[in-house]
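Step one of this worksheet: look at the structure below.
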Amino acid sequence: MAQTQSISVGMLALDPGWIAGTLYIGAAARALQHANGGNDIRLKLIAPRGMDLSHFSQFIDAFDEVHRFDLPRALESRSWRRIKLRQLVGGIHLRKIIRNHVDVVFPIRRQLGFPVPTPAIGWIPDCQHARYPQFFSEKECRQRDAEFRNLAENCTQLLVSSHDARSDLLRIAGMKNDNVGVYRFRTFPEPDWFSADAADIARRYDLPEKFLYFPSQQWKHKNHVTLLRALKHVTDRNIGDIALVLTGRDSDYRHPDHGNRIKAFIDENGLRSRVHWLGVLQRQEQIQLMRQAAAIVRPSLFEGWSMLVEDCRAIGKEAFVSDIAVHREQAYRHAHYFNPDSADALADLIMKRWPVLKAGPDPVAEASAREDVTELCRENGNLLISIFEKAMASTTGRR
C-alpha cells in the first residue's frame, strides 16, 4: 500500500433500471468505507438529476457527497436505453463535476462522449452476448463488442467481475492481459437486516411459513422456466406442499413476451397455488424474505457475478445454484449445484433437501456469515484503493 493520501472517488450511476448495478455500486462503496489501508477515501455519488435514488437508500450514508448533473431538455423524457451518451456533451455539467470534485471515476460502463479529465476505471459486468448470442440481436452484439473495445481504449483500467468474464473479454476484444483486472463484488451485511422480523414481512404478503425464493428480473437467461418445470415435477410426485416465491420485474426488453409466457406456464401447469409472484420489492423486504426462506434458488444459464449468491453468503442462507463456471468461482460453501438444462436434476435436489430445510433465520449461521463477509468486504476495499492508486500514478503528468 502506498503512503497515506486523500482520494476523492466519483461513483457514477447512469442506469436507473438496472437494480443489480445499483447494488454493485453500493457494495463497492461499503467496501471502500470499511477498508483499512490508511487512506482518506471521500466517496461522491454522481447521478443524473431526476434519477430515483431510492435503491441507494440503504447505503447512501457511505457517500460524503451527492452530485447531480443535468441532461439536455430534449433528452429528459426519453428512455435511457435509447440515449447515446455522447449526446451528453450537452451535459457538460457532468464533465465539470468530474474535473472539479474527484480524483478517480468508477465505475464507467459506457462511453461518456468526452475525454474523462481524471483517471477512469471502466467496468464490464459480463460478456453474455458472446456466450448466448441467441438472446441478442446481431446489431446489439456488434454494439457491445464495439463498446467494450472503446472502454478499453479510453479507460485507465478495465475491471470485470470474475475470471470467467475476463477470459471472455480477452477472447472477444483482443485486449492485453495487464489492462483487464478482476474485482469480485461482495454484499455487505447491513446491521438493520438482522434486527427486522423476517416472518412478519412474509405474513404481510400472505406467504406460507416455508418456501423457496428466487428474486430476479425475468430476463430469459435467468431460466425461470427450468425452475417452474422442476416445481411441476415435484408437485406431480406429491413431495410435500412446496411453495415458490418470485420477485423482480417481469420484463425483458429483448424478449417482450417472455414474462407473459412464464405466467402462462404457471397457469397451464396448475402451479398458481404454489407460485407467489410479488413483483418488485424494496431491498429491505427482499432481504427479509431471503432470511425467512427455506432456501434460495438461482437457475441462471449465465451470470457475470451473482449478487444473489453474495447475498446468500452475507446471511448464511442455503442456495440451489446452476452449475456454471462463475457460480463455481464464487465458491459459496452452502451452495448445492445442478445442471441448469435439467429440470429433473433441480427437482431431485429440491426433493432431497426439502425435508431437512427449516424456514426462518438461523442466528448462528448469520453471525458467522457477517464476520466472514465483513472481512471479505474489507479486503475488497483495500484492493479497490490499490487499483485507484495505480490508475492515478499511471496518469500523473498526463492529465
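The values are calculated or read from the model by the stated rules, or taken from the named source; none is laboratory data. Small disclaimer: the values here were computed from a predicted structure and weren't measured. Cβ placement follows ideal geometry from the backbone for every residue including glycine, while neighbour counts extend to all protein chains displayed.
With respect to His336, determine if the residue is closer than 27 Å to Leu301 by Cα, assigned to a strand (DSSP E or B), within 23 Å of the chain's Cα centre (by Cα) and at pLDDT 95 or above. Show your work before the answer.
Numbers: closer than 27 Å to Leu301 by Cα: yes; assigned to a strand (DSSP E or B): yes; within 23 Å of the chain's Cα centre (by Cα): yes; at pLDDT 95 or above: yes.
Against the criterion (closer than 27 Å to Leu301 by Cα, assigned to a strand (DSSP E or B), within 23 Å of the chain's Cα centre (by Cα) and at pLDDT 95 or above), His336 qualifies.
Need the failing condition index for Trp123 against (1) crowded, with 19+ Cβ neighbours inside 10 Å; (2) part of a helix (DSSP H, G or I); (3) not basic (Lys, Arg), just the number.
It is condition (2) that Trp123 fails.
Just for segment 215-241: of the residues that are surrounded by 20 or more Cβ atoms within 10 Å (Cβ to Cβ) and aliphatic (A, V, I, L, M), which one is farthest from the chain's Cα centre (by Cα)?
That would be Val234.
Out of Ala130, Ala120, report the one residue that is closer than 19 Å to Gly304 by Cα and touching a helix residue (DSSP H, G or I) at 6+ places or on another chain (Cβ under 8 Å). Full working, then the answer.
Values: Ala120 fails: closer than 19 Å to Gly304 by Cα.
On inspection, the qualifying residue turns out to be Ala130.
Can you name the residue in segment 17-49 that is in a loop (DSSP other than H, G, I, E, B) and out of contact with any strand residue (DSSP E or B) (no Cβ under 8 Å at 6 or more places or on another chain) and is also modelled with the highest pLDDT among such residues?
From segment 17-49, those in a loop (DSSP other than H, G, I, E, B) are 17-18, 34-39, 49; that's our starting set.
Now restrict to residues that are out of contact with any strand residue (DSSP E or B) (no Cβ under 8 Å at 6 or more places or on another chain): 17-18, 34, 36-38.
Working: Gly17: 68, Trp18: 75, His34: 89, Asn36: 80, Gly37: 67, Gly38: 62.
Among those residues, the one meeting the criterion is His34.
So Ala365 ticks every box in (1) farther than 22 Å from Asp200 by Cα; (2) not assigned by TED's automatic domain parsing to the domain that holds Arg30 but one. Which box is left unticked?
So the condition that Ala365 fails would be (1).
Is it true that Ile385 is under 22 Å from the mean Cα position of the chain (by Cα) and in contact (Cβ under 8 Å) with a residue 12 or more places away in the chain? Steps first, please.
Values: under 22 Å from the mean Cα position of the chain (by Cα): yes; in contact (Cβ under 8 Å) with a residue 12 or more places away in the chain: yes.
Criteria met by Ile385.
Go through segment 220-314 and tell me which strands (runs of 3 or more DSSP E), entirely inside it, have 1 or more residues that are more than 19 Å from Ala347 (Cα to Cα) and in contact with a Lys or Arg (Cβ under 8 Å, 6 or more places away or on another chain). Talk me through it step by step, then tell me what you get.
On the way: elements: 244-247, 275-277, 295-298.
The strands (runs of 3 or more DSSP E) meeting that bar are 275-277.
I'd like the residue in segment 50-71 that is surrounded by 14 or more Cβ atoms within 10 Å (Cβ to Cβ) and in a loop (DSSP other than H, G, I, E, B) and, out of all such residues, is modelled with the lowest pLDDT.
Checked segment 50-71; the qualifying residue modelled with the lowest pLDDT is Leu71.
Aliphatic (A, V, I, L, M), under 30 Å from Asn39 (Cα atoms) and either outside the structural domain of Leu158 (by TED's automatic domain parsing) or in a helix (DSSP H, G or I) (or both), is that true of Leu349? Lay out the reasoning, then the answer.
Details: aliphatic (A, V, I, L, M): yes; under 30 Å from Asn39 (Cα atoms): no; either outside the structural domain of Leu158 (by TED's automatic domain parsing) or in a helix (DSSP H, G or I) (or both): yes.
Spelling it out, it is not the case that Leu349 is aliphatic (A, V, I, L, M), under 30 Å from Asn39 (Cα atoms) and either outside the structural domain of Leu158 (by TED's automatic domain parsing) or in a helix (DSSP H, G or I) (or both).
Of everything in segment 242-260, what is without any contact (Cβ under 8 Å) to a residue 60 or more places away in the chain and over 25 Å from the mean Cα position of the chain (by Cα)? Give them in sequence order.
Ala243
For segment 155-178, give me the residue count where each residue is surrounded by fewer than 16 Cβ atoms within 10 Å (Cβ to Cβ), over 19 Å from the mean Cα position of the chain (by Cα) and under 27 Å from Ala35 (Cβ atoms).
Matching residues across segment 155-178 total 2.
Could you give me the residue pairs with C-beta distances under 8 Å whose first residue belongs to segment 24-50 and is without any contact (Cβ under 8 Å) to a residue 60 or more places away in the chain and more than 19 Å from Gly122 (Cβ to Cβ), whose second residue is crowded, with 21+ Cβ neighbours inside 10 Å and of a type in the set (Val, Ile, Thr) wherever it lies, and which are 6+ apart or on separate chains?
Arg42/Val9
Report yes if some residue within segment 247-254 is over 16 Å from Ser300 (Cβ atoms), in contact with an Asp or Glu (Cβ under 8 Å, 6 or more places away or on another chain) and in the same structural domain as Gln286 (by TED's automatic domain parsing); otherwise report no. Spell out how you get there, then give the answer.
If we filter segment 247-254 for residues that are over 16 Å from Ser300 (Cβ atoms), which is where we start, we get 250-251, 253.
Checking the rest, the ones that are also in contact with an Asp or Glu (Cβ under 8 Å, 6 or more places away or on another chain) come to none.
Among the residues of segment 247-254, not one is over 16 Å from Ser300 (Cβ atoms), in contact with an Asp or Glu (Cβ under 8 Å, 6 or more places away or on another chain) and in the same structural domain as Gln286 (by TED's automatic domain parsing), which makes the answer no.
Can you tell me which of Arg291, Arg272 is among the basic types (Lys, Arg) and in contact (Cβ under 8 Å) with a residue 24 or more places away in the chain? Even if it seems obvious, please write down each step before you answer.
Working: Arg272 fails: in contact (Cβ under 8 Å) with a residue 24 or more places away in the chain.
When all the criteria are applied, what remains is Arg291.
Tell me yes or no: at least one residue of segment 323-332 is out of contact with any helix residue (DSSP H, G or I) (no Cβ under 9 Å at 6 or more places or on another chain) and either at pLDDT below 95 or surrounded by 19 or more Cβ atoms within 10 Å (Cβ to Cβ) (or both).
No, the conditions are met nowhere in segment 323-332.
Would you point out the residue of segment 130-179, among those that are modelled with pLDDT of 85 or more and part of a loop (DSSP other than H, G, I, E, B), that is farthest from His221 (Cα to Cα)?
Among those residues, the one meeting the criterion is Thr156.
Residue under question is Phe114, and the condition is that it be among the aromatic types (Phe, Trp, Tyr), not assigned by TED's automatic domain parsing to the domain that holds Glu310 and not in a strand (DSSP E or B); does it hold? So that I can check it myself, show each step before the final result.
On the way: among the aromatic types (Phe, Trp, Tyr): yes; not assigned by TED's automatic domain parsing to the domain that holds Glu310: yes; not in a strand (DSSP E or B): yes.
Yes; evaluated as a whole, the condition is true for this residue.
Looking only at segment 131-158, which residues are touching a residue at least 24 places away in the same chain (Cβ under 8 Å) and out of contact with any strand residue (DSSP E or B) (no Cβ under 8 Å at 6 or more places or on another chain)? Explain how you work it out, then say what you get.
The initial filter retains those residues of segment 131-158 that are touching a residue at least 24 places away in the same chain (Cβ under 8 Å), namely 131-132, 135-137, 140, 145, 147-152, 154-158.
Scanning segment 131-158 gives Arg131, Tyr132, Phe135, Phe136, Ser137, Glu140, Asp145, Glu147, Arg149, Asn150.
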